[in-house]
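Asker: Questions regarding the structure given below will be posed in turn.
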Amino acid sequence: MSHKAGFVSIIGKPNVGKSTLMNALVGEKLSIITPKAQTTRHRILGIVNEEDFQIVFSDTPGIIKPRYGLQDSMMNFVKGALSDADLILFVTDINEQHDENDVLEKIITSTIPMIVLINKIDGATQEQVDEKQAYWQELLKPKHIFAISALHKYNLEGIMPMVLDYLPEHPAYYDKEELTDKTQRFFVSEIIREKIFNNYQKEIPYSTEVIITAFKEEEKLTRISAEIIVERDSQKNILIGKGGSMLKKVGTEARKDIEKFLDQKVFLETFVKVLPDWRSKKNYLKSFGYEN
């Protein structure tokens, strides 16, 4: 029996549904999802294993023009995902007004086979879908175009067989029991960050990083300490809220999801720490896992 294995990179602008798509294809919630753009900061692998194949999907940060060090690092993750891909899944939102130039710069000259996925079609007319399909066919000449709704898992069933057609014969890259390359600590920090994105407005989510400082598994309980990093004292005050109310809300929501994720009772402590301008400082970015 021959065995196929390869890397499939999910690429697109912020907020087009890349994380929702990967979670649906992998069948697990690996990437956090919020209504805000630029939620994903890392390259997160989601691995689909069967007896005769292994597909390694990469969820990547939305492609933007970087304005500071953190965004530079995010775009480096995208670059890495493009450099080792056997196949590109280019995700675009049906409601976009053809302003994907930042993305197109990265993929238009690529020789890697590409499938275009026109997402969020649940509210669209057939006329809109046809217009977008014609536009992308002419511009990118992809191998295939699918009109999908990742959120409603609509029209996804044809993607996996298509992906397999473009993967080489190769032994598995990862252990067949693995679902991802990330650790439990990483996912715990992402769950907390997701709650911050969902509970705060404007700049707070983007100025925030979550560091797990302690992760102790006991027989019936996992004890977790997390530091929430912000850039200014004013952000710290907003994050904590009156009498600690906001931080408590975030902690409670996160703890419930972490318990589901770990399938274990959790004791979660959160602290807020100010590190001025951390998003632009290489030493902080490196210690937070953004620089190689």
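Asker: How big, on average over all directions, is the shadow cast by the Cα convex hull of the range 12-108, in nm²?
Answerer: The Cα convex hull of the range 12-108, projected and averaged over all directions, gives 6.6 nm².
Asker: Here's something else I'd like to know. Please go through the range 65-129 and write out the trypsin sites (Lys or Arg not before Pro) that DSSP classes as loop and that have at most 13 other C-beta atoms within 10 Å.
Answerer: Here the trypsin sites (Lys or Arg not before Pro) that fit, given the DSSP loop and packing criteria, are Arg67.
Asker: Provide the convex hull volume over Cα atoms per residue for the range 37-177, in Å³.
Answerer: Expressed per residue, the convex hull around the Cα atoms of the range 37-177 is 130 Å³.
Asker: Sticking with this structure for a sec: Kindly list the residues of the range 86-110 that lie in the label zone of Thr125, defined by a backbone N under 20 Å from the point 7 Å along the Cα-to-C-beta vector.
Answerer: 93-98
Asker: Considering just Cα atoms, how many Å³ per residue does the convex hull of the range 159-292 enclose?
Answerer: 167
Asker: Here's a follow-up. Using a 1.4 Å probe and ignoring any ligands, DNA or RNA, find the accessible area of Tyr68 and quote it in Å² to the nearest 10.
Answerer: Its accessible surface works out to 40 Å², give or take rounding.
Asker: Let me ask something additional. Could you do me a favour and compute the accessible area per residue for the chain, 1.4 Å probe, result in Å²?
Answerer: Solvent-accessible surface per residue comes out at 49 Å².
Asker: Quick check: convex hull of the Cα atoms in the range 216-280, volume per residue, rounded to a whole Å³?
Answerer: Once divided by residue count, the hull of the range 216-280 is 90 Å³.
Asker: Charges on Cβ only, +1 for Lys and Arg, -1 for Asp and Glu, centred on the Cα centroid of the chain; of Ala147, Gly27, Leu164, which one is farthest towards the dipole's positive end?
Answerer: Result: Gly27.
Asker: Mind ranking Phe215, Phe187 by accessible surface for me, highest first, 1.4 Å probe?
Answerer: Sorted descending by solvent-accessible area, the residues read Phe215, Phe187.
Asker: Further, regarding this structure: Straight-line reach only, C-alpha to C-alpha below 16 angstrom: list the aspartates and glutamates that Lys265 could link to, leaving out same-chain residues fewer than 8 apart.
Answerer: Within the straight-line cut-off, Lys265 pairs with Glu217, Glu218, Glu219, Glu253, Asp257.
Asker: Turning to a different aspect of this structure: Any idea which of Leu275, Gly244, Leu262 is furthest toward the positive side of the dipole for the range 206-291, if Lys and Arg beta-carbons carry +1 and Asp and Glu beta-carbons -1?
Answerer: Gly244
Asker: So, taking all protein chains as they sit and a 1.4 Å probe, how much accessible area belongs to Ser83, in Å² rounded to tens?
Answerer: Result for Ser83: roughly 100 Å² accessible.
Asker: Above 19 angstrom, tally the Cα pairs of the range 78-158 and express them as a % of all pairs, no decimals.
Answerer: 36
Asker: Using the Kirkwood radius over Cα pairs, work out the Stokes-Einstein diffusion coefficient for the range 119-188 at 20 °C and 1.002 mPa s, in µm²/s as a whole number.
Answerer: Using the Kirkwood radius from Cα pairs, D works out to 139 µm²/s.
Asker: With each label point set 7 Å from Cα along the Cα-Cβ vector, what nm distance links Gln264 and Ser287?
Answerer: Output for this residue pair reads 2.6 nm.
Asker: Rounded to the nearest 20 Debye, what is the dipole magnitude of the chain about its Cα centre when Lys and Arg each give +1 and Asp and Glu each give -1 at the C-beta?
Answerer: With Lys and Arg at +1 and Asp and Glu at -1, about 1440 debye.
Asker: With each pseudo-label sitting 7 Å past Cα toward Cβ, what's the Glu217-Asp84 distance in nm, one decimal?
Answerer: 2.5
Asker: Calculate what fraction, in whole %, of the accessible area of the range 1-109 sits on carbon and sulfur atoms when a 1.4 Å probe is rolled over the protein chains.
Answerer: Carbon-and-sulfur percentage of accessible area, whole number: 46.
Asker: Which value, in debye to the nearest 20, gives the size of the charge dipole of the range 128-197 about its Cα centre, when Lys and Arg are +1 and Asp and Glu are -1 at the Cβ?
Answerer: 300
Asker: Now, a different point. Please work out how much accessible surface Val91 shows to a 1.4 Å probe, ignoring ligands, DNA and RNA, in Å² rounded to 10.
Answerer: 0
Asker: Turning to a different aspect of this structure: Using the crude model of +1 on Lys and Arg Cβ and -1 on Asp and Glu Cβ, and no other charge, please compute the dipole size for the range 135-268 relative to its Cα centre, in debye to 20.
Answerer: The dipole of the range 135-268 has a size of about 760 debye.
Asker: Return P(r) of the range 1-61 (all Cα-Cα pairs; 10 Å bins starting at 0; whole %; ordered from short to long distances).
Answerer: Pair shares across the bins are 24, 50, 19, 6, 1.
Asker: In the chain, how does Rg compare with the Kirkwood Rh, expressed as the Rg/Rh ratio over alpha carbon atoms?
Answerer: When Rh is taken as the Kirkwood radius, the ratio is 0.98.
Asker: Also, I was wondering about something else. From the cross-link list Lys120/Lys153; Lys18/Lys282; Lys220/Lys260; Lys143/Lys182; Lys120/Lys182; Lys106/Lys143, which pairs have alpha carbons spaced over 20 Å apart?
Answerer: Lys18/Lys282; Lys143/Lys182; Lys120/Lys182
Asker: Tell me the GluC sites (Glu not before Pro) within the range 149-252 that lie in a loop according to DSSP and have at most 11 other beta-carbon atoms within 10 Å.
Answerer: Answer in residue order: Glu157, Glu177, Glu218, Glu219.
The values are calculated or read from the model by the stated rules, or taken from the named source; none is laboratory data. Model, not experiment: these values are computed from the prediction. Cβ: placed from backbone, ideal geometry, glycine included. Neighbour counts: every protein chain shown. In case anyone asks, the SASA skips ligands and DNA or RNA and just uses the protein heavy atoms, side chains included. Shrake-Rupley method; radii C 1.70, N 1.55, O 1.52, S 1.80 Å.
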